[in-house]
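A.B. asks: Take a look at this one; I'll ask things after.
Values quoted throughout were computed directly from the atomic coordinates according to the rules given, and no laboratory measurement underlies them. Small disclaimer: the values here were computed from a predicted structure and weren't measured. Using ideal geometry, Cβ is built from the backbone for each residue, glycine included, and neighbour counts are taken over all protein chains shown.
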């Protein structure tokens, strides 16, 4: 007898009901309806089997069924392998009276079986089979009607996915925000914006190109607040590279049903030895989406989208046939059509404004049918990536003691706050932001041919690393911290460009500034420092100032190749290529991390102290007033040094922490970046939130009160609904780069350093930072 078929079913199995034995006629036994003559009965054995699925798209999820792997798969993320129970109902097809309800089949090494005794012959019977997972969720269901006429017959039941015909809802990666340039060998944060079903839990994964650097975290989960959300990851380019190279990475975002969208993006890494203004890493994004169970790819600049279906079936892949169709919403000209009813196939005449419904019906060799529908929205496959990085967008923010500077993607610099000693670089000592916007002064007047790639701010001075590897500094110079061989301030009554570059003897790849000293990491992997030499912070086995009457042409004896350098109030730390850290300078609060209060570098070389005793690999260092923090490869944060205000996150305000100690960021939370002020610390989390701890008498922690925090608070700072990709901490304030491309500052604002025009009040002490509008630098 031909089984009943169900058009539109997406995944099916065959249940074979074999009449194995026939009981003798039982007098007085009748069906649910009255019969003048009793009917003969039969004992029926139901056997459900599933062959191995085709390998075209076997589900990747673990099986919930241990007796027999494989089987069919629904289009929404589950398969026969997830079935843990099958129940069968048998009813009279005419009267609907039941013979069996919820008759449980039992698993066997080859499938499922169970014996149904005493079913009447010569009556029309309806068999209903339902398959469930371990949680009791209905996965597959099927029914057929048959009359048992002979002793041995076959009853076939088509089991289809219970969610057959549902529309696939897919997440969409619609924007990636990232720096226009990364300085060679140093990481930067990337923010990914996603749209999906409201409040949907999503996961993501990043696969870095071989030898193309790494991402932290490389995978994770997040839940949308509404229909949109974002997550932040940190990218670290490769540490060494012989020539300019492009690497292609893959990002995937997946929903609970197992459907995902993916995109590739490229990082272009330029080694520091390369001349010109291409220092650093340039990242751009090229969309090439794929959808789990439905894979799609569009080459930029074409109107063709290649689609491929992944199908798992209980029969061979060679028996599968495909029927693709697309129904546009409204009128589309020319009409989108598929080139062939094959897998894969190509949809012609795609445009970003195209909307409609894509349907795919898959039929296997037993005429089982699977139907998938996908609603195509506008701009699903953009012509070009939508990302920040325009010339006037903010690439970096840096906070000093009472002034702030922004580096834009076009390589120009804007500064505001206190103009004392010429630290803003505008050729005067005027304050900016007291009665005009931070952007009002325009770029710091540097030569038009010079592009800035990094900024460093000290207590009263500013330095810029140029794309050529040269360094310029301006502002306060009482200790030689500008490095020009004298102690005259620069930028207070002369143009910054008039004094030339700091003579380092070679190219720099990183710079940093402490209160009154400055250091540069050179393209040789060595370090040079200048300015105030007290406590050995310069690392030259003495306390003499450097740069006040000589050029900084001597290497600090760190003892190992260096990949990054950071300066605190009166100490300096180096991140080594090995992932270890070494510090020197003022050690009276334990900020050097060597389990003592000794200074290092005042009468010995920094190399003599060796590595800070700390297990694991360090990704980033931050040096504060008298404390230091490290971001570890695991995403944890460790701090040490002065803890009088809770800035090391140890839960108390007494004494100092002499060795690196892990900070409790919260269950399951990972950091992407850490920053330190005089007496407070902040971290950007992988969720895009920010937590700050330590001194908060002026709102430094951004919680809307003045209570200091000895550990990170439970909740992140309210940033007005935006995510953060970067944070910089000044003496007693912070500035974050937000996902909307704007900067937002909070804490002490007495010198207008927060960028809130005409407002010198503190922010974060009795209001949340998100209650203020951030600042930006639109083109004139």
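A.B. asks: Beta carbons within 10 angstrom, averaged per residue: use that to sort the peptides 452-462, 350-360, 88-98, highest first.
C.D. replies: 452-462, 350-360, 88-98
A.B. asks: Given a Förster distance of 51 Å, report the FRET efficiency between residue 104 and residue 302 from their Cβ-Cβ distance, rounded to the nearest 0.05.
C.D. replies: Approximately 0.40, to the nearest 0.05.
A.B. asks: What nm distance separates the two modelled labels at residue 410 and residue 218, each placed 7 Å from Cα along Cα→Cβ?
C.D. replies: Simple spin-label model gives 4.0 nm for this pair.
A.B. asks: Which of the peptides 753-760, 503-510 is most tightly packed, and how do the rest follow, judged by the mean count of other Cβ atoms within 10 Å per residue?
C.D. replies: Highest mean packing first, the order is 753-760, 503-510.
A.B. asks: Moving to a separate point now. What distance in nm separates the simple spin-label points at residue 375 and residue 654, each placed 7 Å from Cα in the Cβ direction?
C.D. replies: With each label point 7 Å from Cα toward Cβ, the separation is 6.1 nm.
A.B. asks: Right, something else. Could you give the length gained on full extension between residue 135 and residue 327, defined as 0.36 nm per residue of separation minus the Cα-Cα distance, in nm?
C.D. replies: Roughly 65.4 nm would be gained on extension.
A.B. asks: Can I ask one more? Report the full-extension gain for the segment residue 436 to residue 97: residue separation times 0.36 nm, less the Cα-Cα distance, to one decimal in nm.
C.D. replies: Residue separation times 0.36 nm, minus the Cα-Cα distance, leaves 113.6 nm.
A.B. asks: Using only the alpha-carbon atoms, what does region 684-780 span along each of its principal axes? Please give whole angstrom values in decreasing order.
C.D. replies: Computed over the Cα atoms, the extents are 44, 31, 21 Å.
A.B. asks: Length gain on complete extension for the stretch residue 551 to residue 608, per 0.36 nm per residue less the alpha carbon to alpha carbon distance?
C.D. replies: 18.0 nm
A.B. asks: Taking 60 Å as R0, compute the FRET efficiency from the Cβ-Cβ separation of residue 488 and residue 355 and round it to 0.05.
C.D. replies: Once the sixth-power term is evaluated, E becomes 0.35.
A.B. asks: Along each of the three principal axes of the Cα atoms of region 404-515, give the extent in whole Å, ordering the values from largest to smallest.
C.D. replies: Principal extents (largest minus smallest coordinate, Cα): 42, 32, 24 Å.
A.B. asks: Ok, one more. Testing the spin-label approximation: label points 7 Å from Cα along Cα→Cβ at residue 750 and residue 198. State their distance in nm.
C.D. replies: Taking the two extended label points, one gets 4.8 nm.
A.B. asks: If we count other beta carbons within 10 Å of each Cβ, what is the order of 298, 414, fewest first?
C.D. replies: The most exposed by this proxy come first: 298, 414.
A.B. asks: Something else about it: What number does region 618-780 give for Rg over Rh if you use C-alpha atoms and the Kirkwood radius?
C.D. replies: Ratio value, two decimals: 0.96.
A.B. asks: Compute the separation of the alpha-carbon centres of region 595-656 and region 523-566 and state it in Å as a whole number.
C.D. replies: 19
A.B. asks: Hey, another quick one. Restricting the calculation to Cα positions, tell me the Rg (one decimal) and the Dmax (whole number) of region 462-538 in Å.
C.D. replies: Calculated on Cα positions, Rg and Dmax stand at 11.8, 36 Å.
A.B. asks: Next question, about the same structure. At R0 = 45 Å, how high is the FRET efficiency between residue 503 and residue 617 if r is their beta carbon distance? Nearest 0.05 is fine.
C.D. replies: 0.85
A.B. asks: If you don't mind, another one. Could you give the Stokes-Einstein D for region 297-383 in µm² per second, using the C-alpha Kirkwood radius, 37 °C, 0.692 mPa s?
C.D. replies: 238
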